[in-house]
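Q: Sharing a structure below in structure tokens format, with a few things to ask.
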Amino acid sequence: MSMHIAFYRLVTMVVTTAVVAGCGIMPKQPDDPQNVHEAILENGIKVIVKVDRRAPIVVSQVWYKVGGSYEPSGLTGVSHVLEHMMFKGTDQLGPNEFSRVIAANGGRENAFTGRDYTAYFQRLEKSRLPISFELESDRMHNLKMDADEFEKEVEVVKEERRLRTDDRPESLVYEKFMATAFRASNYRNPIIGWPHDLGGIRLQDLERWYRRFYAPNNATVVVAGDVEPDAVFGLAKQYFGKVPRRDLEPIDEIPEPRQVETRRIQVKLPAKVPYLLIGFHVPSMSAKQPDDWEPYALEILAYILDGGKSARLPARLVREQRVASSVGAGYDPVSRLPTLFVIDGNPANGKTTEELETALQTEIERLKSELVSQQELRKVKAQIVASNVFGRDSVFYQAMKLGELETVGLDWRLESQMVDRLRAVSAEQVRMVARKYLQPNNMTVAVLVPQPLDNQRS
């Protein structure tokens, strides 16, 4: 599986609800089987608690509904730059003191920016949760924007871009591929930002972005680990409850027009091997249609093609036909906007991207014409169930699944239903989504054409 597909697949309870208001917490119903509890503070912040008592640790995450897909043209990368600035101090803390406090308490912390969210997290011994809440609530509304720190962090992000994208041919192809597949959707823009936009971001842009999106009523706190829900809600009220809510500006969304033709691009770059990337527009899970079966069938389809070494693409194209040295498929259904079903690979030595594409199209046509056998379908579903079970070994991953669902606009309760919905997918439904979406007029193809490495910039 290529680095891009691995990233693309980032993530695939009856619950109690409490509303924190006035002086206390309203009574809750009995605990649900999944040990998940929810509270909403008066200022609009949502708190989700997942109880897992296997170790005396706690993972605390704060998710904001803002990321690359929220950014207008000319301001791409601003969410990621702001993420960096969130570690540069408040009225009470100096630059990088947040990280030093967490480390001094035996914890680990970091943050990440995605297309649809920005999230901050700490992993601590369970008694240290108040420290996490105090620090996060402080920077939620007291962030200090220092001009010198801003200039340094913009340069850090530019260097990140050079290392992760500009110096990696396949990453550059992926970036150009996304900009070709999407004409209107902000998914066409890289999360880290276009180079010319990073060069034009000003401190005032970050200040406006912070005031617009870093509000309690635009955030979710997720806590997982060996905790008591009522105690967590009390701490949340103590620390986050004092942060004033803000009026949220509406987001201007431009719907992606329907693709009606195959789009192809060639990218010539200094590189050692060719690279092929194919994408098809597909739906994601939708808050408006939470019971739609198509995303679950597309997820099954991705596993059929690339669910381990015995899946169709690695088994047939790498080991049997030897037309590919590596090949993968991926689909992330948990997205705020319609997304892509992606297939990529490198041709084997002596083979071309044209030959690899022909072999991939043969596999796609087979999915459209032949029903997946019940044996293969059972194997794929068993893999998905196993993946879900293994994921529960990680407290961090449990929290992340809940936070991601909530932040992209879905009900986090879907987390406990996903496996059953995937199990319910039929062979005919898999064929239906293949026929509907894996069509030439819905396809974008990007090809890396290697150039001599001595042309690479110094």
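The values are calculated or read from the model by the stated rules, or taken from the named source; none is laboratory data. Please read all numbers here as calculations on a predicted model, not as lab measurements. Heads up, the Cβs are rebuilt from the backbone with ideal geometry, glycines too, and the neighbour counts pull from every protein chain shown.
Q: It is to be established whether one or more residues within the range 387-394 are farther than 30 Å from residue 226 by Cα and of a type in the set (Ser, Thr, Tyr).
A: Going through the range 387-394, the residues farther than 30 Å from residue 226 by Cα turn out to be none.
There is no residue in the range 387-394 that is farther than 30 Å from residue 226 by Cα and of a type in the set (Ser, Thr, Tyr).
Q: Among the strands (runs of 3 or more DSSP E) lying completely within the range 30-87, list those that include at least 1 residues that are not assigned by TED's automatic domain parsing to the domain that holds residue 182. Step through it out loud before you land on a result.
A: Details: elements: 36-40, 46-51, 57-64.
Per the criteria, no element qualifies.
Q: Identify all residues within the range 416-430 that are assigned to a helix (DSSP H, G or I) and within 23 Å of residue 387 (Cβ to Cβ); write none if there are none.
A: In the first step, residues of the range 416-430 are kept if they are assigned to a helix (DSSP H, G or I); the result is 416, 418-423, 427-430.
If the condition is that a residue be assigned to a helix (DSSP H, G or I) and within 23 Å of residue 387 (Cβ to Cβ), then 416, 418, 419, 420, 421, 422, 423, 427, 429, 430 are the ones that fit.
Q: Residues of the range 275-315 being among the hydrophobic types (A, V, I, L, M, F, W, C) and assigned to a strand (DSSP E or B), which ones? Spell out the reasoning first.
A: First pass over the range 275-315, keeping only residues among the hydrophobic types (A, V, I, L, M, F, W, C): 276-278, 280, 282, 285, 287, 293, 297-298, 300-302, 304-305, 311, 313, 315.
Scanning the range 275-315 gives 276, 277, 278, 280, 282.
Q: Regarding residue 447, is this residue buried (at least 19 other Cβ atoms within 10 Å of the Cβ), modelled with pLDDT of 95 or more and under 26 Å from residue 372 (Cα atoms)?
A: On the way: buried (at least 19 other Cβ atoms within 10 Å of the Cβ): yes; modelled with pLDDT of 95 or more: yes; under 26 Å from residue 372 (Cα atoms): no.
Judged against the criteria, residue 447 is not a match.
Q: Right, here's the next one. Give just the number: which of (1) in contact with a strand residue (DSSP E or B) (Cβ under 7 Å, 6 or more places away or on another chain); (2) at pLDDT 95 or above; (3) over 26 Å from residue 414 (Cα atoms) does residue 58 not satisfy?
A: Residue 58 satisfies all of (1) in contact with a strand residue (DSSP E or B) (Cβ under 7 Å, 6 or more places away or on another chain); (2) at pLDDT 95 or above; (3) over 26 Å from residue 414 (Cα atoms) except (3).
Q: Mind checking whether some residue in the range 183-191 is within 30 Å of residue 442 (Cβ to Cβ), buried (at least 18 other Cβ atoms within 10 Å of the Cβ) and among the charged types (D, E, K, R)?
A: Within the range 183-191, one or more residues are within 30 Å of residue 442 (Cβ to Cβ), buried (at least 18 other Cβ atoms within 10 Å of the Cβ) and among the charged types (D, E, K, R).
Q: Can you name the condition, by its number, that residue 272 falls short on among (1) basic (Lys, Arg); (2) outside any loop (DSSP other than H, G, I, E, B); (3) touching a helix residue (DSSP H, G or I) at 6+ places or on another chain (Cβ under 8 Å)?
A: The single condition residue 272 does not satisfy is (2).
Q: Is it the case that residue 382 is assigned by TED's automatic domain parsing to the domain that holds residue 293 and more than 25 Å from residue 171 (Cβ to Cβ)?
A: Values: assigned by TED's automatic domain parsing to the domain that holds residue 293: yes; more than 25 Å from residue 171 (Cβ to Cβ): yes.
It is true that residue 382 is assigned by TED's automatic domain parsing to the domain that holds residue 293 and more than 25 Å from residue 171 (Cβ to Cβ).
Q: Would you say residue 151 is at pLDDT 95 or above, more than 24 Å from residue 270 (Cα to Cα) and acidic (Asp, Glu)?
A: Details: at pLDDT 95 or above: yes; more than 24 Å from residue 270 (Cα to Cα): yes; acidic (Asp, Glu): yes.
So residue 151 fits the description; yes.
Q: Based on this model, can you work out whether residue 381 counts as charged (D, E, K, R), more than 17 Å from the chain's Cα centre (by Cα), surrounded by fewer than 19 Cβ atoms within 10 Å (Cβ to Cβ) and at pLDDT 95 or above? Spell out the reasoning first.
A: On the way: charged (D, E, K, R): yes; more than 17 Å from the chain's Cα centre (by Cα): yes; surrounded by fewer than 19 Cβ atoms within 10 Å (Cβ to Cβ): yes; at pLDDT 95 or above: no.
Taking the combined requirement at face value, the residue does not satisfy it.
Q: Would you pick out the residues in the range 404-432 that are crowded, with 21+ Cβ neighbours inside 10 Å and either closer than 26 Å to residue 171 by Cα or under 23 Å from the mean Cα position of the chain (by Cα) (or both)?
A: Hits for the range 404-432 are 404, 405, 406, 407, 408, 412, 415, 422.
Q: Taking residue 4, is it under 26 Å from residue 195 (Cβ atoms), at pLDDT below 95 and not aromatic (Phe, Trp, Tyr)? Full working, then the answer.
A: Numbers: under 26 Å from residue 195 (Cβ atoms): yes; at pLDDT below 95: yes; not aromatic (Phe, Trp, Tyr): yes.
Taking the combined requirement at face value, the residue satisfies it.
Q: Same structure again: Output the number of the condition that residue 241 fails; it satisfies all remaining conditions of (1) outside any helix (DSSP H, G or I); (2) surrounded by 21 or more Cβ atoms within 10 Å (Cβ to Cβ).
A: Going through the list (1) outside any helix (DSSP H, G or I); (2) surrounded by 21 or more Cβ atoms within 10 Å (Cβ to Cβ), residue 241 breaks only (2).
Q: Same structure again: Could you please tell me which pairs satisfy a Cβ distance under 8 Å, a separation of 6+ or placement on different chains, a first residue in the range 342-354 that is within 16 Å of residue 170 (Cα to Cα), and a second residue that is part of a strand (DSSP E or B) and basic (Lys, Arg)?
A: Sorted first by the residue in the range 342-354, then by its partner, the list stays empty.
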